[in-house]
Amino acid sequence: MKKTRIPVIAGNWKMNKVRDEALQFIYSVNQELPSPNKVETVICASDVLLRCMVKRQGENLKIGAQNMHFKEFGAFTGETSPKLLETTGVSYVIIGHSERRQMFGETDESVNKKIHAALKYELKPIVCVGETLELREKGLTNVWVKTQVEKAFENISLDDVKQIIIAYEPIWAIGTGKTATPEQAEQTISLIRDVVKELYNEEVADQVRILYGGSVTPNNIDDLLKQSNIDGALVGGASLEAASFLKLVDSAVKNS
Ligand code: PGA
């Protein structure tokens, strides 16, 4: 089935790669990436790498941050402001990744504040939601994810919501090699689309891109992207090598 939404392949490099490795990756992919009319390709890297990557990004690659503070400036040692990210030239920012929620005290409230701040500085938020294995086994996935989406989107306007990309990342699937089945991913992602419809309207729900993340590789991405509600992937490990990233991008074009 032909999808109307432009797919997104976003790499989340986490705390990997030094400057030379990052630049080598960019030089390897720049000429190979298809036009942004076919697929949006993004690499989210450590803050220290962002400026040098932005300077060398080809026209089909965008650079994103992995986190930011919601305040413009102030006494927040070690944090990065949305204003600084904007002046650095990045276009996207991951917000509420489960590693930040679990290890760095990110809450639904801070996620919401960060989304507001990102939109103010014209950074496209990639907002992560997803359940633990324990919640899934108790049958609480839908309630949990619905609440995360509702809280993330509090007081976000109808116009702004179209800028947001949602990434459904079941925590048990991240970095474990245990991908959600295409059916599991599609079921939760279509629930998320329904929540967006309830909060806004059908038109907005049809436009919002919703990605799957969690052990996506070139070997399993096709079956995920064949699902009608899955608009791309947020990828950790398999985004680190240029050849693997390019395969993911090819799959997005083929399955859109
Ligand atoms: P993974 O990470 O692809 O290595 O599972 C995904 C993510 O954390 O966004």
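Those strands (runs of 3 or more DSSP E) of segment 142-256 that lie entirely within it include none in which at least 3 residues are in contact (Cβ under 8 Å) with a residue 12 or more places away in the chain, in contact with a Leu (Cβ under 9 Å, 6 or more places away or on another chain) and more than 15 Å from the ligand (Cβ to nearest atom). The number of residues in segment 77-103 being in a loop (DSSP other than H, G, I, E, B) and without any contact (Cβ under 8 Å) to a residue 24 or more places away in the chain comes to 4. For SER91, indicate whether it is surrounded by fewer than 22 Cβ atoms within 10 Å (Cβ to Cβ), among the hydroxyl-bearing types (Ser, Thr, Tyr) and in contact with a strand residue (DSSP E or B) (Cβ under 7 Å, 6 or more places away or on another chain). Criteria met by SER91. Exactly one residue out of SER98, SER157 is over 15 Å from the mean Cα position of the chain (by Cα) and within 25 Å of LEU84 (Cβ to Cβ), and it is SER157. Criterion first (in a helix (DSSP H, G or I), in contact with a helix residue (DSSP H, G or I) (Cβ under 8 Å, 6 or more places away or on another chain) and not charged (D, E, K, R)) does VAL111 satisfy it? Taking the combined requirement at face value, the residue satisfies it. Restricting VAL204, VAL208 to those that are in contact with a strand residue (DSSP E or B) (Cβ under 8 Å, 6 or more places away or on another chain), within 20 Å of VAL127 (Cα to Cα) and of a type in the set (Val, Ile, Thr) reduces the list to VAL208. In this entry, GLN102 passes the filter for residues that are within 16 Å of the ligand (Cβ to nearest atom), surrounded by fewer than 18 Cβ atoms within 10 Å (Cβ to Cβ) and either under 20 Å from ILE9 (Cα atoms) or among the polar types (S, T, N, Q) (or both). With respect to (1) of a type outside the set (A, V, I, L, M); (2) in contact with a strand residue (DSSP E or B) (Cβ under 8 Å, 6 or more places away or on another chain); (3) modelled with pLDDT under 95, the lone exception for THR188 is condition (3).
So that you can scan it fast, the table gives a plain yes or no per residue for (1) within 16 Å of the ligand (Cβ to nearest atom); (2) of a type outside the set (Lys, Arg); (3) surrounded by 16 or more Cβ atoms within 10 Å (Cβ to Cβ):
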site: TRP13; (1), (2), (3): yes, yes, yes
site: VAL18; (1), (2), (3): no, yes, no
site: LEU33; (1), (2), (3): no, yes, yes
site: ASP47; (1), (2), (3): no, yes, yes
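The values are calculated or read from the model by the stated rules, or taken from the named source; none is laboratory data. The structure presented is a predicted model; accordingly, all values stated were derived computationally and were not measured. Neighbour counts are summed over all protein chains in view; Cβ atoms, including those assigned to glycine, are modelled from backbone coordinates with ideal geometry.
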